[in-house]
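Asker: The following block contains the structure, expressed as structure tokens.
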Ligand SMILES: [Zn+2]
């Protein structure tokens, strides 16, 4: 297998099954905020930060790419 390339540059947001698949394939969990129901990840390939949250009401996972600079 050649190097696997991530698709972080191509997406800003993924939802549902696509979000779950992308998470398990490329992302590594770094932190979680249980109160806000958010989980933070970084891409194992390119290091971009992502955040996954559950959309209230429909239990759908939404994966959103974050800016490289942390906006705290
Ligand atoms: Zn990436």
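Every number here is computed from the coordinates shown, using simple stated rules; none is lab data. As the structure is a computational prediction, the values presented were derived from the model and not from experiment. Neighbour counts run over all protein chains shown; Cβ positions are idealised from the backbone, glycine included.
Asker: Pairs of Cα atoms under 8 Å, at least six residues apart: use those to get the relative contact order of the range 9-51, whole percent.
Answerer: Relative contact order of the range 9-51: 26 percent.
Asker: Consider all pairwise Cα distances in the range 1-71 and report the whole-number % of them above 13 Å.
Answerer: 64 percent
Asker: What FRET efficiency, computed as 1/(1 + (r/R0)^6) with R0 = 22 Å and r the Cβ-Cβ distance, is obtained for residue 5 and residue 55, rounded to the nearest 0.05?
Answerer: Result of the calculation: an efficiency of 0.20.
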